[in-house]
């Protein structure tokens, strides 16, 4: 790359970043981490939405009772201790000393009880865990209990859930907001404070170090351990064009880019001032989600036909190109994990268009176009919908692909309106592997009708199987139930799993301390 091309790109990046960044004093620049995340931050309620950018925001601002470490073990985080009664029916939790909200008020047991209730009303795993709970109760300022109706292995799994929706703790007055409404105050107890006065959607989101945060004594590990903010300020800058973001990274005006297009990897790998870091070694899983409320996908037979038309490799190649960044995996639960199985998958995910058309004829599909939402601004998603459109059309569907940015898609997918009235039939997204390791944690398997995530599938048999898994503690029996879940999923598909993928983040070489975890987090990160 020539000096002239770098200079031009640097100027372009500086123009995008704005004069405010250039005007910062040198000392402030040194202690400010500037990051381009995978999406612009527009929704700041990580309980109301599963969107990962809102989840990432949540980890900056809020804290959790438990957290998953680098070995995938659940460890206490805000808690000093917890215990379980001999009959496994009473769990007692005690908060650590010195926990403060960002408005300097102490974190209390009542805050935590209210936060758990709001999260559990919205989250798939939380709903299932809470179905075993008779009562959550604050005993004193630092102690609260959960009284169960029957034993379950879900309590730690749920309260230590690493990804969307994460059980973030909020002040009681905020947590009492309906889970179906967005909160209007942004007060957490985490290592960073959200600067709502500097938040400009489409430009930047700003977080500053919470000086009164009391980290745990243990070293950081995954999402657990001591959360020590080593920079004073973190700025998430909105640069929707991937090439421009990379240019800014190369020029030194940005410190990290989370979502880099695969075709730009070779350029970055050759740059002496940039390093690639595999922040999420567990990887991710692509999925296509059905809306089971409306025709034609209210009919499971038509969902099966769509399943028959698809294959994984076309999607993975369209985004990642190089096979070292993806893996074909017919197992519903992540390949390499304890519950992975190919049971029932013979002949599926191989784009059998002839069979798909036959199935549509048998199901009496009337040719009504299906509304496929296409997100255009996320590098890891934008190529997926055109592939889906092509494959579905070859399989006999008529497809109306409608393009929009990801945050517009996130807002629209929550609507139950008919597709002809501003609703939807299909969209594609991705889950981090930690979200799809078992039948209860895999949110798109939730088939509890109105209580399920957008798409709202209803299936009593699936819910019974998920209940059976929740009650079982024997790993061998859990695996047998997981196989039955996969077989039922093929009979009444809630979504289609489209393969696993892996993508490193790009950092300037003077940025150290990034943690390997299912979520990009910014405590422990320092800028030298």
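Bear in mind these aren't lab numbers, they're just calculated from the coordinates by the rules spelled out. The structure presented is a predicted model; accordingly, all values stated were derived computationally and were not measured. We place every Cβ from the backbone using ideal geometry, glycine too, and count neighbours over all the protein chains shown.
Data overview
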{"read-out": "Relative contact order (percent, whole number), segment 284-501, Cα cutoff 8 Å, 6+ residue spacing", "value": "35 percent"}
{"read-out": "Length gained when the stretch residue 110-residue 313 is fully extended (0.36 nm per residue, less Cα-Cα span)", "value": "68.2 nm"}
{"read-out": "Burial ranking of peptide ranges 447-460, 496-509 (average Cβ count within 10 Å, highest at the top)", "value": "496-509, 447-460"}
{"read-out": "DSSP bridge pairs, the chain: antiparallel proportion in percent, nearest 5", "value": "80 percent"}
{"read-out": "Per-selection Rg to Rh, the chain - Cα, Kirkwood hydrodynamic radius", "value": "0.96"}
{"read-out": "Efficiency of FRET between residue 85 and residue 214 - r from beta-carbon atoms, R0 25 angstrom, step 0.05", "value": "0.30"}
{"read-out": "Sorted largest first, extent of segment 394-528 alpha carbons per principal axis (Å)", "value": "55, 47, 31"}
{"read-out": "Estimated distance in nm for a label pair at residue 299 and residue 137, the labels positioned 7 Å out from Cα along Cα-to-Cβ", "value": "5.3 nm"}
{"read-out": "Three-way shape call for segment 430-477 based on the alpha-carbon gyration tensor, with the a/c threshold at 1.5", "value": "oblate"}
{"read-out": "Part-to-part distance (alpha-carbon centres) for segment 473-496 and segment 24-101, which is given in Å", "value": "30 Å"}
{"read-out": "Computed E for residue 197/residue 414 - FRET, C-beta separation, R0 35 angstrom, nearest 0.05", "value": "0.80"}
{"read-out": "Ellipticity estimate at 222 nm from DSSP helix runs (n ≥ 4, -39,500 (n - 2.57)) divided over the chain, nearest 500", "value": "-8500 deg cm²/dmol"}
{"read-out": "Length-normalised contact order for the chain - Cα pairs under 8 Å, 6+ apart - percent", "value": "20 percent"}
{"read-out": "Efficiency of FRET from Cβ geometry, residue 474 and residue 402, R₀ 51 Å, rounded to 0.05", "value": "0.65"}
{"read-out": "Part-to-part distance (alpha-carbon centres) for segment 245-294 and segment 158-205, which is given in Å", "value": "25 Å"}
{"read-out": "Rounded if a/c under 1.5, otherwise prolate or oblate - segment 284-501, Cα gyration tensor axes", "value": "rounded"}
{"read-out": "Rounded if a/c under 1.5, otherwise prolate or oblate - segment 66-175, Cα gyration tensor axes", "value": "rounded"}
